[in-house]
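The values are calculated or read from the model by the stated rules, or taken from the named source; none is laboratory data. None of these values were measured; they are calculated from a predicted model. Cβ placement follows ideal geometry from the backbone for every residue including glycine, while neighbour counts extend to all protein chains displayed. Surface areas here come from the heavy atoms of the whole protein model, side chains and all, with no ligands, DNA or RNA. Shrake-Rupley method; radii C 1.70, N 1.55, O 1.52, S 1.80 Å.
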Amino acid sequence: MKNHKILLAALALSLGAAALAQGGIQKGITIAFLPKQVNNPYFATAWKGGQAAIKEFAGIGKQVGPSDAGASSQVSYINTLLAQRQKAIVVSASDQNALVPYLKRAMQQGVKVVTYDSDVAPDGRNVFVSQADNDTIGRDEVKILAKQIGYKGEIAILSATPNATNQNAWIKVMQDELKKPAYKDMKLVKIAYGNDDDQKSFTEMQGLMQAYPNLKGVISPTTVGISAAARYLSTSPYKGKVMLTGLGTPNQMREFVKNGTVQGFALWNPEDLGYLASYAAAALVSGQITGKEGQKFKAGKLGERTIGKNGVVILGPLTVFDKSNIDKFSF
Ligand code: RAM
């Protein structure tokens with residue numbers, strides 16, 4: 001009889017352990033990533049990290065999404081994911097407001113919503129996993145360009161879509177940074193939008209040079225924009241004369257750094273961003289966090305993370321890439 005009881009207790013224990021993977025995360029959580037666009041190498045890298053985390057906690061993951069970053073392109077995907085009863089949606093929003101009613105409906109149905117990379121209005125998600133502090137990103141971009149052009153001359157911004165939450169937040173900070181006396185001889189003449197479309201970004205860069213022949217520098221805070229702009233400049237008479245910086249991936253920018261088109265640009269690690277977003281989703285589904293400020297959760301190799309104000313978790317600082325270090329990175 002005694003042995004029987006011990007056996008039963010052991011069985012109950014192992015069953016309990018089976019339902020929980022490491023770190024108290026439930027096993028078998030279904031998580032769907034919905035990036036702005038699936039055919040953008042930046043999001044492919046983020047998904048690589050997202051998948052690695054999902055594997056660690058024995059979840060079931062997939063990535064779906066549009067090939068264009070248009071404001072409403074993501075809506076139909078959210079509806080499908082809802083019908084499929086995914087436990088968590090991890091989304092980089094192409095528009096701050098367009099998705100909110102759909103994401104709210106998802107949360108009402110018990111789905112946990114994590115935004116990563118590009119947020120929605122805070123009532124449309126549980127947690128935002130942010131690449132870095134917006135203030136740092138915006139100010140650093142201006143500082144890098146200012147140095148490259150000797151703090152003097154006309155500058156432009158080549159952004160992603162006009163509705164992108166992330167780019168718009170950074171541009172606001174850039175405009176604020178530019179008010180400082182150090183930049184009194186620099187003038188922002190235009191904000192152009194390449195819609196995170198390679199061809200459109202290329203044409204917009206060409207258009208900027210035609211409209212503003214005295215342009216000294218461009219900030220493109222999008223991996224799609226900066227690589228298209230670099231491609232245009234690299235075969236133009238402006239190569240090495242008009243400075244281009246922004247946010248790019250080392251793999252897309254390497255040739256332009258090596259051939260003298262671009263001196264330096266910045267980014268965070270997109271793989272870590274996806275990895276952290278998956279752990280945040282798992283912690284929400286497992287009931288470890290709800291998104292309140294001060295709550296903590298374990299994020300595998302990235303260690304323990306704390307939720308800050310407005311449900312925002314920050315990944316970490318930016319890396320600046322130039323010819324001295326670009327070969328050390330492969331993403
Ligand atoms: C593009 C996207 C993404 C942004 C990066 C820097 O890939 O617009 O949202 O974070 O650039």
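Looking at (1) at pLDDT 95 or above; (2) closer than 24 Å to S159 by Cα; (3) of a type outside the set (S, T, N, Q), which one does G70 not meet, given that it meets all the others?
Going through the list (1) at pLDDT 95 or above; (2) closer than 24 Å to S159 by Cα; (3) of a type outside the set (S, T, N, Q), G70 breaks only (1).
Where in segment 200-279 are there strands (runs of 3 or more DSSP E), lying wholly inside it, with at least 1 residues that are basic (K, R), open to solvent by 10 Å² or more (accessible area, probe 1.4 Å) and more than 16 Å from the ligand (Cβ to nearest atom)? Explain how you work it out, then say what you get.
Working: elements: 215-220, 243-246, 264-267.
Counting at least 1 such residues, we get 215-220.
So L188 fits all but one of (1) in contact with a helix residue (DSSP H, G or I) (Cβ under 8 Å, 6 or more places away or on another chain); (2) part of a loop (DSSP other than H, G, I, E, B); (3) more than 17 Å from T249 (Cα to Cα); what number is the exception?
That leaves (2) as the condition not met.
Going by what's in this entry, would Q96 be described as at pLDDT 90 or above and either touching a strand residue (DSSP E or B) at 6+ places or on another chain (Cβ under 6 Å) or open to solvent by 60 Å² or more (accessible area, probe 1.4 Å) (or both)?
Working: at pLDDT 90 or above: yes; either touching a strand residue (DSSP E or B) at 6+ places or on another chain (Cβ under 6 Å) or open to solvent by 60 Å² or more (accessible area, probe 1.4 Å) (or both): yes.
In short, yes.
Of the residues that make up segment 172-194, is at least one within 27 Å of I78 (Cβ to Cβ), within 13 Å of the ligand (Cβ to nearest atom) and surrounded by fewer than 18 Cβ atoms within 10 Å (Cβ to Cβ)?
Checked segment 172-194: no residue is within 27 Å of I78 (Cβ to Cβ), within 13 Å of the ligand (Cβ to nearest atom) and surrounded by fewer than 18 Cβ atoms within 10 Å (Cβ to Cβ).
Looking at segment 104-135, which of its residues are of a type in the set (V, I, T), more than 14 Å from G308 (Cα to Cα) and within 14 Å of the ligand (Cβ to nearest atom)?
Hits for segment 104-135 are T115, V120.
So which residues in segment 289-315 are assigned to a loop (DSSP other than H, G, I, E, B), surrounded by fewer than 18 Cβ atoms within 10 Å (Cβ to Cβ) and within 19 Å of the chain's Cα centre (by Cα)?
Passing the criteria: only G308.
What is the one condition in (1) under 30 Å from K112 (Cβ atoms); (2) open to solvent by less than 10 Å² (accessible area, probe 1.4 Å); (3) touching a residue at least 40 places away in the same chain (Cβ under 8 Å); (4) over 17 Å from the mean Cα position of the chain (by Cα) that S286 does not satisfy?
(2)
Can you pull out every residue in segment 178-201 that is among the aromatic types (F, W, Y) and under 22 Å from the mean Cα position of the chain (by Cα)? Give the derivation first.
At the first step, the residues of segment 178-201 found to be among the aromatic types (F, W, Y) are 183, 193.
Hit for segment 178-201 is Y193, nothing else.
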